[in-house]
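A.B. asks: Here's a structure for you.
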Amino acid sequence: GAVACGARRRRRRRRRRKRRRRRRKRTKKRTRRRPQDMEGDDALERRAEEMAQRSLASLPAKVREAKLPAVRAALLQRLRAEAAAGGRPPCAPAAAPAQAPQAPPPPPPPLLKEPAAPKSVDLALVAQRRAAEIFSQFGSRQSAAPAPAAAPPSSSQARAAASVAGSAPSWDEGGAEEDERRDAGLRRPPTDLPPPQDGVEACGDDPWFADPQVRLALRDAVQVAHAEFKILVGDPAAEIARICPQDGRELLAGAVLRLGGYHLGGYGEADVGYAYRQLSRALHPDKNRSNPSASAAFQRLHDAQQELKLGLVEMREMVKRLAAPFRECASSEEELERPQEALFAAAARLLGAVLALASEGQVPATARRRAASCLQVASSQGGGSWAAPLGGSSEGLLAAWFQEPGLLQAASSPPMRRSYDCAPKRYRAQFLCALSRVAQLEGQRSGGCVREAWSVVWETFPELTLWQELLALLRKRCQVHGRAARGTVDGLRPEDCFIPEEDGPGDGQETDPRQEKRRKKGAKDDEVERAFSQWARRWRRMLRAVLPGGEAGTAASWSDPEVRKLCAALWRDFADPLGAETGAGSAAARRCLALFRTEARGAADVAARRGSAPAEWAFVPAADLLLIVGEGLVGSTLEGVFADALPSQKRLHFASAIFQTMM
């Protein structure tokens, strides 16, 4: 018996020693620095710096500099703790927690590559969520744009339809599936917008809405912007105070959910659902029982979600309504996923078609015939098929705009304003100029009267008032002032209205018809030119030299290099002195010029992210410049722009025209 008891004790001691050795090995394995961990501190610091910069990207510069050290230190501490506790490489975040198996997502659009492995998507998602949790400890009230969004799955669209119908989804319904698809992002290099030329991003009535590459670049910019930022919810009490201000104001639905604006470029149902989930988790009344405004803020959050989803449905219907008068009116599902870009393009196309079909300025009969034939040429070949009416009659489209109120009411609706706010500045400025010229065209056709609905347009787009002030300054610059204008009627002196008779041919001499036509035209031109200032006369001579004649073979398109150089130089000659003034009206002039200066779009500006130099001007209102400075001289049709010159006059380059006018 004693031998058996001793054997059992020895076996127990061996088992205890084995267990202690195993525990020591596990402890050493956790704390041991592997070869790839030797550079762990540098890798952790770099990763913490990147995560901190990404989390604070949307904040102002001073606020970002103040918060960056604390956020970076907290992230670095968290990453070091994770690397030491779990034995993971310091350059990789923790793996995502296991989730229940889900049905495979629908296949991506044909333009996208195959999605990445689910593990990499989960890692990025977990890392960004941890950065958001750490950043929320510092009480930030700022937020970035919503999360990156790929094409929303059909399940999210079904939930959106059910939500619009009246069923309120729970605060975390469908979150995991949409977040995984959102992190997939754009799986190809994004398309760039046309690069600036001569320091100008866009010029004149260039039909960007008919260019498939430009439209694709706008959609890619939206997707890149959503893939770059995440909504970082701040302190719940501060968020509740922001959503339900105590001064009687009421935030719009987009401001409540932090959606919309040119820095994002648009949003869809998936973006609305993501923003609602992120905010509702922090503002739920059960988590803020001590705050009496929590219930009202949560209800306002839910109402804003419903309002934005209803607005998306309304935008898609409005796209079809504005495109109905045209022969080419189809819109793809990709364009209607985030319908702001499609709606703004449809409205810009309608205004451009009205101006092009109605013609502006001095348009001879031959130019009108060429414009009519231009409707039959495809847009991809530089033609104007984008403006071809559905019934084939240009007068029918013009009558639908000038007589029926539906199209004008759609252009001044709240969805149209939200789409305008989501567009790049170059196209927003072009839209404002086209809207102003359409109103002026309606006044000319109806004897100086316009419809009452235009007052709603001016309320929807108050920037039009600034543009009208700038146009008044341009007209004033073209007028004759001081002693030269005394004794004139409409800028013409009585003695200037007399056309002197030149010595005609003697008896028996024949008259050359071409020379006689040139003589009369020159005398008439001299009479008209005296009504303009010296500054305007100099530029009118350059317009005659650079622009083709209206009765020539063709007009110059707005993308013509010489036309762009001419318009850019004319705009700078007018705008630079206004920006340099220091008088009483200098502040107002600079505020008007700000409508056309470039602005930073953040992540939505793909070209700036690649290191391209920014342009000085986002848009040059070339059509307004040429029609005002070249009044009675310049005409514009669907084909392009031209000047009232003799058919035999040779067109010059802009550089040659400068030397010619200086002599």
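A.B. asks: If you scan region 559-579, which residues turn out to be under 25 Å from the mean Cα position of the chain (by Cα), open to solvent by 30 Å² or more (accessible area, probe 1.4 Å) and of a type in the set (D, E, K, R)?
C.D. replies: Correct list: Asp560, Lys565, Arg572.
A.B. asks: Can you tell me how many residues in region 371-426 are open to solvent by 50 Å² or more (accessible area, probe 1.4 Å) and under 19 Å from Gln213 (Cβ atoms)?
C.D. replies: Of the residues in that region, 4 qualify.
A.B. asks: Give region 307-324 a look and list any residue that's open to solvent by less than 30 Å² (accessible area, probe 1.4 Å) and of a type outside the set (Lys, Arg), or say none.
C.D. replies: Leu308, Gly311, Leu312, Met315, Met318, Val319, Leu322, Ala323
A.B. asks: Residues of region 416-453 being more than 23 Å from the chain's Cα centre (by Cα) and either basic (Lys, Arg) or part of a helix (DSSP H, G or I) (or both), which ones?
C.D. replies: Those that are more than 23 Å from the chain's Cα centre (by Cα) and either basic (Lys, Arg) or part of a helix (DSSP H, G or I) (or both): Ala439, Gln440, Leu441, Glu442, Gly443, Gln444, Arg445, Arg451, Ala453.
A.B. asks: Can you report the number of residues in region 530-558 which are charged (D, E, K, R) and either touching a Ser or Thr at 6+ places or on another chain (Cβ under 7 Å) or open to solvent by less than 10 Å² (accessible area, probe 1.4 Å) (or both)?
C.D. replies: Within region 530-558, residues that are charged (D, E, K, R) and either touching a Ser or Thr at 6+ places or on another chain (Cβ under 7 Å) or open to solvent by less than 10 Å² (accessible area, probe 1.4 Å) (or both) number 4.
A.B. asks: Right, next: Could you figure out which of (1) surrounded by fewer than 23 Cβ atoms within 10 Å (Cβ to Cβ); (2) closer than 29 Å to Leu216 by Cα isn't true of Gly265?
C.D. replies: Every condition holds for Gly265 apart from (1).
A.B. asks: A follow-up question, please. Based on this model, can you work out whether Leu470 counts as open to solvent by less than 10 Å² (accessible area, probe 1.4 Å), touching a residue at least 40 places away in the same chain (Cβ under 8 Å) and more than 16 Å from Leu355 (Cβ to Cβ)?
C.D. replies: Spelling it out, Leu470 is indeed open to solvent by less than 10 Å² (accessible area, probe 1.4 Å), touching a residue at least 40 places away in the same chain (Cβ under 8 Å) and more than 16 Å from Leu355 (Cβ to Cβ).
A.B. asks: Would you check which residues across region 268-281 are touching a residue at least 60 places away in the same chain (Cβ under 8 Å) and open to solvent by less than 30 Å² (accessible area, probe 1.4 Å) and list them?
C.D. replies: Gly268, Glu269, Ala270, Asp271, Val272, Gly273, Tyr274, Ala275, Tyr276, Arg277, Ser280
A.B. asks: Only residues that are modelled with pLDDT under 70 and either crowded, with 17+ Cβ neighbours inside 10 Å or over 45 Å from the mean Cα position of the chain (by Cα) (or both): list them for region 37-72, please.
C.D. replies: Residues satisfying the conditions are Asp37, Met38, Gly40, Ser58.
A.B. asks: Answer yes or no: is there a residue in region 240-251 that is closer than 26 Å to Ala600 by Cβ and more than 20 Å from the chain's Cα centre (by Cα).
C.D. replies: yes
A.B. asks: Please tell me if Leu252 is at pLDDT 85 or above, open to solvent by 30 Å² or more (accessible area, probe 1.4 Å) and hydrophobic (A, V, I, L, M, F, W, C).
C.D. replies: Yes; evaluated as a whole, the condition is true for this residue.
A.B. asks: May I ask you to list the residues in region 433-445 that are among the hydrophobic types (A, V, I, L, M, F, W, C) and open to solvent by 10 Å² or more (accessible area, probe 1.4 Å)?
C.D. replies: Those that are among the hydrophobic types (A, V, I, L, M, F, W, C) and open to solvent by 10 Å² or more (accessible area, probe 1.4 Å): Ala434, Ala439, Leu441.
A.B. asks: Which residue is modelled with the highest pLDDT, if the candidates are limited to region 352-379 and must be touching a helix residue (DSSP H, G or I) at 6+ places or on another chain (Cβ under 8 Å) and of a type outside the set (A, V, I, L, M)?
C.D. replies: Among those residues, the one meeting the criterion is Gly352.
A.B. asks: Do you know which of the residues in region 198-228 that are farther than 19 Å from Ala387 by Cβ and of a type in the set (Asp, Glu) is surrounded by the most Cβ atoms within 10 Å (Cβ to Cβ)?
C.D. replies: Glu201
A.B. asks: I've got another one for you. Examine region 246-256 for a residue that is touching an Asp or Glu at 6+ places or on another chain (Cβ under 9 Å) and not in a helix (DSSP H, G or I), and state whether such a residue exists.
C.D. replies: Looking for residues that are touching an Asp or Glu at 6+ places or on another chain (Cβ under 9 Å) and not in a helix (DSSP H, G or I), one finds at least one in region 246-256, hence yes.
A.B. asks: Oh, and also: Suppose the filter is closer than 29 Å to Leu252 by Cβ, modelled with pLDDT of 90 or more, of a type in the set (Lys, Arg) and open to solvent by 40 Å² or more (accessible area, probe 1.4 Å); does Arg289 pass it?
C.D. replies: no
A.B. asks: Okay, next question. Yes or no: Pro195 open to solvent by 20 Å² or more (accessible area, probe 1.4 Å) and without any contact (Cβ under 8 Å) to a residue 40 or more places away in the chain?
C.D. replies: no
The values are calculated or read from the model by the stated rules, or taken from the named source; none is laboratory data. All values reported here derive from a predicted model rather than from experimental measurement. All Cβ positions, even for glycine, are placed from backbone atoms using ideal geometry, and neighbour counts span all protein chains on display. Note: areas computed on protein heavy atoms with side chains; ligands, DNA, RNA excluded. Shrake-Rupley method; radii C 1.70, N 1.55, O 1.52, S 1.80 Å.
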